[in-house]
Amino acid sequence: MTSKDRAILKIGDQSWDFPIYHASIGPRVVDIASLYKQTGIFTFDSGFTSTASCESRITFIDGDKGTLLYRGYAIDELAEKWDFLETCYLLLHGELPDKSQAKVFRENISKHNTLPEQLHNFYTGFDRDAHPMSMMCGVVWALSANYHNSMDISDASDRMLACMRLIAKIPTLAAMTYRHHIGEEFVSPRGDLDYASNFLYMCFSGESKEYSVNPIIARAMDKIFTLHADHEQNASTSTVRLAGSSGANPFACIAWGIACLWGAAHGGANEAALSMLEEIGTVDRIPEYIKRAKDKNDPFRLMGFGHRVYKNYDPRAKIMQQTTHEVLEELGIKDDPTLAVAMELERIALTDEYFIERKLYPNIDFYSGITLRALGFPSSMFTVLFALARTVGWSAQWKEMIEDPKQKIGRPRQLYTGETVREYVKEEER
Ligand code: CMC
C-alpha cells in the first residue's frame, strides 16, 4: 500500500498529514497508525463504524447497492452456478478450482471428515438440553487439543491443513451436536455423498430408517451454506482475527468466532427472527409489532431486519427468500402461516417511513429460519448451521491475517473516563 494522497488533520494551529490508500472498490482509508506517535491523541470509534481493521482481498460488500462479492464473484452467481466446496476453495485459494483441483479438494475434505475418537466422549459432558451453540464452542475448542503440538502456524502447509480440517470436521461436529441434543446415536460421515447431502444424512438418518437425501433439498442446504460462507469483517470474523493475532491455535480462534456469532444481534438473529414470526402468528397482529419496533421506550426490534453495512436489500436475503419458496414447494408445504406473516411484515415495513428513513431492509436471517425449520431443524440449531457455513470464512480470514507481513497483535486503545489516581482509604474510614 503506497499513496501520494494525504489527509490533513488540524488541531488548533498544528497540523499533521496522513496517507490515504485507495481500495480496489469501496471507500478510501486514512492510515492513522502513526497518529498517537505524532500527536499524542487516539481516535474514538465505538462499534468500529468507520474503522478498517485490516487489509483484505477476500470479501467485498457494497452496502448502499446491496452487493456482496467473494473474491470478486457476485454471491447470486456463486450460489446458483457453483457449489459450497468450490466456494470454499475460492475463499481459501483466491481462484475457483478447475476440474482436477476441485476433485482433489473434495477428496481431501472427505478424508478429514471424522472426529478424533476421544472427542465423542466430550458430548456426554453436556446435558441434552444444553444449547447446541454451547456444545459447538466446547467441542471445536477441544479440537485445539488434538491439533496443537503437531501444528506450526508459521508453516503454509500446516495452515492450509488446519483450514481443511476445520471445514471437513465442522459438519460432523454440528450433526453430532444435533444428535446429542435430540438424544439419538451419532451417525458416521459417508464419503460417497456430497458435503450438504452428507450433513443432512448425518443429522437425519436413523437406525431403523435410512435417510434418503432429496437432491433438491440437498442443493438448497448447499446454497444456504454458500450464502453464509463469509461476510468480511463482521463481529465474529473480527473476533477470530483478534484472537488469532496473538498467535493462538486456529481451532481455539474459531471457537471464539462461534461464541461471538451466537449473539442475537449477529448469527443468533435467525433463531430470534423465527420465534418473532411465530409469536406474531397471524398477519392481523403485524401492526402491533411494527408499532413496538418503532417505540423508543420498547427494546423490541424486528429481528432479521437492519444491518450495519447494508443500507439496501441484503442480496443474501433475496436468494434466501427464493430458496424458502423452493424448499416449501418441494416438501409440499402449502400456505405456511409463518411465511405469510414474514412476507406481509416485509411488505409493511418496506413502505413504513421509520424503516425507509433508517434504510432497514430484511437481512439473511429474516427468511432462513422458515427454510431451516422446513428442512427439519429445531430453531436451537439454526445458528449452528450458520457457524458450520461461516467456518470457511473465518478460516480464510485467519489464514490471510497470519500471512499478512504487516500483521501485529490487535490491541485497541480506549477513552478512559473512570477515576483519576485516588488515595487508598482504610475500611473503617470509608
Ligand atoms: N428494528 C427496529 N429498529 C431498528 C432495527 C430493527 N431491527 N435495526 C435498527 N433499528 C433502528 C435503531 O433503533 C436506530 O434508530 P435511531 O436512529 O432512531 O436510534 C437505527 O435503526 C440504527 O440502528 P443501529 O442499532 O444504530 O444500527 P447498527 O448498525 O448498530 O445495528 C443491527 C445493526 C443488525 C445490530 C440492527 O439492525 C439489529 O439489531 N437488527 C436486528 C438483529 C438482526 O437481524 N441481526 C442480524 C444481522 S445480519 C446477520 C449477521 O451478519 O449476523
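The values are calculated or read from the model by the stated rules, or taken from the named source; none is laboratory data. Here the structure is a predicted model, which is why all the values come from computation and not from measurement. No Cβ is skipped: glycine too gets one built from the backbone with ideal geometry, and neighbour counts run over all protein chains shown. These accessible areas exclude ligands, DNA and RNA; they are computed on the full protein's heavy atoms, side chains included. Shrake-Rupley method; radii C 1.70, N 1.55, O 1.52, S 1.80 Å.
The number of residues in the range 347-363 being within 20 Å of Gly63 (Cβ to Cβ), within 12 Å of the ligand (Cβ to nearest atom) and open to solvent by 20 Å² or more (accessible area, probe 1.4 Å) comes to 7.
Among the residues of the range 179-195, none qualifies, meaning not one is surrounded by 24 or more Cβ atoms within 10 Å (Cβ to Cβ) and among the hydrophobic types (A, V, I, L, M, F, W, C).
Can Asp335 be described as crowded, with 19+ Cβ neighbours inside 10 Å, of a type outside the set (Gly, Ala, Ser) and modelled with pLDDT under 95? No, not satisfied.
Listed here are the residues, each with its yes/no results for (1) within 23 Å of Arg373 (Cα to Cα); (2) at pLDDT 95 or above.
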| residue | (1), (2) |
| --- | --- |
| Thr324 | yes, no |
| Met343 | yes, no |
| Leu350 | no, no |
| Glu353 | no, yes |
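Do we have Ser150 as outside any helix (DSSP H, G or I) and either surrounded by fewer than 22 Cβ atoms within 10 Å (Cβ to Cβ) or modelled with pLDDT of 95 or more (or both) here? Yes; evaluated as a whole, the condition is true for this residue. Of the residues making up the range 239-294, those that are open to solvent by 20 Å² or more (accessible area, probe 1.4 Å), of a type in the set (Gly, Ala, Ser) and within 12 Å of the ligand (Cβ to nearest atom) are Gly263, Ala264, Ala265, Ala272.
With a requirement of 1 or more residues that are in contact (Cβ under 8 Å) with a residue 60 or more places away in the chain and closer than 30 Å to Ala130 by Cα, the helices (runs of 4 or more DSSP H) lying completely within the range 292-391 that satisfy it span 315-330, 337-350, 365-375. Take the residues in the range 395-420 that are open to solvent by less than 60 Å² (accessible area, probe 1.4 Å) and among the charged types (D, E, K, R), then tell me which one is farthest from Thr43 (Cα to Cα). Among those that are open to solvent by less than 60 Å² (accessible area, probe 1.4 Å) and among the charged types (D, E, K, R), it is Lys399.
What are the residues in the range 295-316 that are in contact with a Pro (Cβ under 9 Å, 6 or more places away or on another chain) and more than 9 Å from the ligand (Cβ to nearest atom), if any? Result: Tyr313, single match.
Which residue out of Ala79, Ala130 is assigned to a helix (DSSP H, G or I), more than 24 Å from Arg165 (Cβ to Cβ), touching a helix residue (DSSP H, G or I) at 6+ places or on another chain (Cβ under 8 Å) and modelled with pLDDT of 95 or more?
That would be Ala79, the only listed residue that is assigned to a helix (DSSP H, G or I), more than 24 Å from Arg165 (Cβ to Cβ), touching a helix residue (DSSP H, G or I) at 6+ places or on another chain (Cβ under 8 Å) and modelled with pLDDT of 95 or more.
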